[in-house]
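Report on one structure; see the data block that follows.
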Amino acid sequence: MIDPFDHIRQTLDIEEVARRYGLEVNRHHKALCLFHNDHHESMSFKNNRFKCFACGAGGSAIDLVAKLFDLEPLEVVNKLNADFGLGLDLKGDYQPNTAKIQEMERQRQLKQAFDDWCDKTYSDHAQLARFYWKNILKYQPVSEMDEFHPRYVKAMHQWETVNYLLDILLKGSHEEKIELYKNLNSLEVWAS
């Protein structure tokens with residue numbers, strides 16, 4: 001018989017569990033801790049575990065649910081089994097679907113890689129936006145008679161595009177972000 005605790009730890013993404021039970025996890029994988037009066041998202045999620053750097057609470061998805069609902073470990077397994085439709089037979093011999101576990105882990109890794117790409121792309125484009133804004137301010141014509149400086153012209157042309165990309169990365173739907181990923185990667189392949 002394989003341990004259902006291990007199966008839950010391997011199968012369920014802790015951020016998905018946290019969201020299911022009311023925590024708002026941001027794109028930086030942080031949330032307000034429910035275990036103390038938190039005003040600055042001090043609960044962090046990494047490597048399928050949680051840690052609050054203010055109150056010290058931490059652990060796996062099982063530990064999180066146990067603490068949230070004041071449940072014993074076996075009650076947590078039953079709750080997660082029911083709430084996430086895991087289909088665990090907790091009365092007899094249990095054999096997990098290893099192909100399903102592997103596919104869920106692959107999907108979790110893909111999601112993490114995509115989230116990392118979104119964060120890095122946002123950071124890179126925010127730096128570009130600052131650069132273009134500085135050039136707009138520095139090279140803008142003082143009077144109507146002045147010629148446009150080439151850096152001012154380039155900054156003005158790029159400003160809207162960069163801010164459009166930042167808007168998608170910050171507020172866009174998942175589908176819009178995927179489309180942006182495809183478009184930017186096809187441009188990079190074309191440019192090389």
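The values are calculated or read from the model by the stated rules, or taken from the named source; none is laboratory data. Just so it is clear, the structure is predicted and the values come from calculations on it, not from any experiment. Counting neighbours? That spans all protein chains shown, and the Cβs are built from the backbone with ideal geometry, glycine included. Only protein heavy atoms, including side chains, enter the accessible area calculation; ligands, DNA and RNA are left aside. Shrake-Rupley method; radii C 1.70, N 1.55, O 1.52, S 1.80 Å.
Looking at the stretch 83-102, can you tell me whether even one residue there is touching a residue at least 12 places away in the same chain (Cβ under 8 Å), of a type in the set (Val, Ile, Thr) and farther than 30 Å from residue 64 by Cα? No; the residues of the stretch 83-102 include none that is touching a residue at least 12 places away in the same chain (Cβ under 8 Å), of a type in the set (Val, Ile, Thr) and farther than 30 Å from residue 64 by Cα.
Determine which member of the set 186, 143 is over 23 Å from residue 13 (Cβ atoms) and assigned to a helix (DSSP H, G or I). Full working, then the answer.
Numbers: 143 fails: assigned to a helix (DSSP H, G or I).
Result of the check over 186, 143: 186.
Within the stretch 135-150, the set of residues being of a type in the set (Asp, Glu) and open to solvent by less than 100 Å² (accessible area, probe 1.4 Å) comprises just one member, 146.
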